[in-house]
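Please read the structure below before turning to the comments.
The values are calculated or read from the model by the stated rules, or taken from the named source; none is laboratory data. Quick caveat: nothing in here was measured; it's all calculated off a predicted structure. Backbone-built Cβ (ideal geometry, glycine too); neighbour counts: all protein chains shown.
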Amino acid sequence: AERPSRCADAGKLEVSFEFFPPKSPESEVALWTSISRLLPLCPSFVSVTYGAGGTTRERTHQTVARLVRETDVPPAAHLTCVSATREEIDDVARAYWAEGVRHIVALRGDPPAGIGTHYEPHPGGYAYAADLVAGLKKVADFEISVAAYPEGHPENGSVDTDIEVLKRKVDAGATRAITQFFFDNDIYERYVERVRRAGINVPVVPGIAPVHSFKAIAGFAEKAGASVPSWLAQRFEGLENDAATRQLVAAAVAAEQVLDLVDRGVTDFHFYTMNRADLVYAACHMLGLRPKTDEAA
Ligand code: FAD
């Protein structure tokens, strides 16, 4: 996808931002306020998630369509295999292509009842993300990103299995892996080394989750099979009723993580924004990114 002209000289670091589709008029306003704040940082793309069980198909589509209409950033639409036939998914993909969307984040997804419930492929559907990638490539020449799990996917917890599955997704046509979030950069670095040894050469972009709420992130992490180091818990200890300090600590934690990744040679970052701009903006600022406006270009 083409970068907006004002972003032509964006630096050597690439960032992307992930949002979820809003559920209410109020959350829609909050989302677009965040998007307006983050877009001048020239992300290489912004992605919009697809609710568990395919529940947000319409809202995902509306959000992506508005990005196409009102912004110049390349959008990426998340798409999952659950609760739909191949024909239905191909139709969604065809509609995206017709609207100018060139990038899909292709996922298996989780059962409608949520993570932890046994997954059964839809009869007549794509069974796994690798099948979806292959199917999408037949619909059109999409750029396709897929998920990767430095600590293994929670259904099996095996990094070796995850790497085999990632290899299948890349062989089917994916050109970027985006990782589940993690807090221990050693885990990410070891994972990437193993991915390279397996002969997988696509970028493995670290997924960065700023800690808006330690309690919430610890809950997500448990479901996602991501570990939460004890030092992270200690940093937020005693701040339950002190939102201002929590925010400062969260900004410091995110800055520390991304700057350490830069020291380790990482050049691309994907931020799980949770539709909130502040911590992501601060982390990007620490990475050296500055807003670019049309007037400045
Ligand atoms: P896959 O790569 O298909 O793997 C899923 C599991 O199945 C793994 O345990 C794997 O080992 C196993 N497996 C793979 N192939 C086979 C096979 N042929 N036979 C048997 N087992 C197999 N979820 C959403 O609902 N909406 C989103 O928008 C969304 N966005 C995400 C974005 C990122 C960056 C990440 C990391 C995750 C996202 N998820 C999203 C969550 C994701 O859908 C779940 O983690 C899901 O459980 C796995 O999806 P996957 O694409 O990794 O699946």
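One line per residue, one yes/no per condition, for (1) at pLDDT 95 or above; (2) at negative phi:
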| position | (1), (2) |
| --- | --- |
| T71 | yes, yes |
| T80 | yes, yes |
| T85 | yes, yes |
| Y96 | yes, yes |
| G116 | no, no |
| P121 | no, yes |
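Looking only at segment 201-228, which residues are surrounded by 13 or more Cβ atoms within 10 Å (Cβ to Cβ) and not hydrophobic (A, V, I, L, M, F, W, C)?
Filtering segment 201-228 down to residues surrounded by 13 or more Cβ atoms within 10 Å (Cβ to Cβ) leaves 202-214, 217-218, 220-222, 224-228.
Those that are surrounded by 13 or more Cβ atoms within 10 Å (Cβ to Cβ) and not hydrophobic (A, V, I, L, M, F, W, C): P203, P206, G207, P210, H212, S213, E222, G225, S227.
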### Query
Do you know which residues across segment 1-25 are within 16 Å of the ligand (Cβ to nearest atom) and either of a type outside the set (F, W, Y) or not in a loop (DSSP other than H, G, I, E, B) (or both)?
E14, V15, S16, F17, E18, F19, P21, P22, K23
### Task
Select from segment 154-182 the residues that are surrounded by 19 or more Cβ atoms within 10 Å (Cβ to Cβ), near the ligand (Cβ under 8 Å from one of its atoms) and not hydrophobic (A, V, I, L, M, F, W, C) and list them in ascending order.
D162, K169, T179, Q180
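In segment 266-279, how many are within 23 Å of D186 (Cβ to Cβ) and either surrounded by 19 or more Cβ atoms within 10 Å (Cβ to Cβ) or of a type in the set (D, E) (or both)? Walk me through it before giving the result.
Within segment 266-279, the first condition is being within 23 Å of D186 (Cβ to Cβ), and the residues that meet it are 266-272, 279.
Of the ones still in play, those that are also either surrounded by 19 or more Cβ atoms within 10 Å (Cβ to Cβ) or of a type in the set (D, E) (or both) are 266, 268-272, 279.
Of the residues in that region, 7 qualify.
Give the residues of segment 1-33 that are surrounded by 20 or more Cβ atoms within 10 Å (Cβ to Cβ) and of a type in the set (G, A, S), sorted by residue number. Quick ask: steps written out before the conclusion?
Within segment 1-33, the subset surrounded by 20 or more Cβ atoms within 10 Å (Cβ to Cβ) is 15-21, 31.
Within segment 1-33, S16 is the sole residue that qualifies.
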#### Entry: Output for segment 26-52, where each listed residue is modelled with pLDDT under 95 and in a helix (DSSP H, G or I)
A52
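Please work out which residue is surrounded by the fewest Cβ atoms within 10 Å (Cβ to Cβ), limiting yourself to segment 128-153 and to residues that are among the small types (G, A, S) and within 11 Å of the ligand (Cβ to nearest atom). Let's see the steps before the verdict.
Taking segment 128-153 and keeping what is among the small types (G, A, S), we get 129-130, 134-135, 140, 145, 147-148, 152.
Still in the list and also within 11 Å of the ligand (Cβ to nearest atom): 129-130, 145, 147-148, 152.
Working: A129: 25, A130: 22, S145: 27, A147: 21, A148: 28, G152: 18.
Per the criteria, the residue is G152.
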### Message
Restricting to segment 80-98, count the residues that are farther than 16 Å from A134 by Cβ, under 20 Å from the mean Cα position of the chain (by Cα) and not in a helix (DSSP H, G or I).
### Response
1
